[in-house]
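None of the figures in this text is laboratory data; all of them are computed from the coordinates on show. Here the structure is a predicted model, which is why all the values come from computation and not from measurement. With ideal geometry, Cβ positions are generated from the backbone for all residues, glycine too; neighbour counts draw on all protein chains shown.
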Amino acid sequence: MTDMEKLLAALAEVRDDVDFADEGALVDDGLIDSFDLTQIIAALDEAFDIHIITGDIEPENFNNVQSMLELVHRYQGK
């Protein structure tokens, strides 16, 4: 399973009604709210064995799957 597949699977567990793969402005368009964001962060922490710090909880890091994957990779040192 690729990191993108793993990310999409984790996101689907949080909100299966959002098409994370095709949306480009999840936060900006209000498709996910602060509660969803909290759950997404926890899901990413668990799925990728990372710990996202408060300073990285910015809309631009969670607006689309590519940004989330880049954030995960930064924490993994990739």
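Some notes on this structure:
- Test result for A21, surrounded by 15 or more Cβ atoms within 10 Å (Cβ to Cβ) and either touching a Gly at 6+ places or on another chain (Cβ under 6 Å) or free of Cβ contacts under 8 Å to residues at least 60 places away in the same chain (or both): no
- When residues of the range 35-55 are limited to those that are charged (D, E, K, R) and surrounded by 13 or more Cβ atoms within 10 Å (Cβ to Cβ), the one farthest from R15 (Cα to Cα): D45
- Answer residue from the range 56-78, given it is of a type in the set (D, E, K, R) and either farther than 16 Å from L11 by Cα or touching a Phe, Trp or Tyr at 6+ places or on another chain (Cβ under 9 Å) (or both) and is surrounded by the fewest Cβ atoms within 10 Å (Cβ to Cβ) among those: K78
- Residue that is farthest from G24 (Cα to Cα) [pool: residues in the range 51-78 that are β-branched (V, I, T) and assigned to a loop (DSSP other than H, G, I, E, B)]: I53
- Residue count, the range 1-18 (criterion: outside any helix (DSSP H, G or I) and surrounded by 15 or more Cβ atoms within 10 Å (Cβ to Cβ)): 2
- Residue pairs whose Cβ atoms lie under 9 Å apart, sitting 6 or more positions apart in sequence or on different chains, and linking a residue in the range 33-48 that is without any contact (Cβ under 8 Å) to a residue 60 or more places away in the chain to a partner that is in a helix (DSSP H, G or I) and basic (K, R), are A47/K6; F48/K6.
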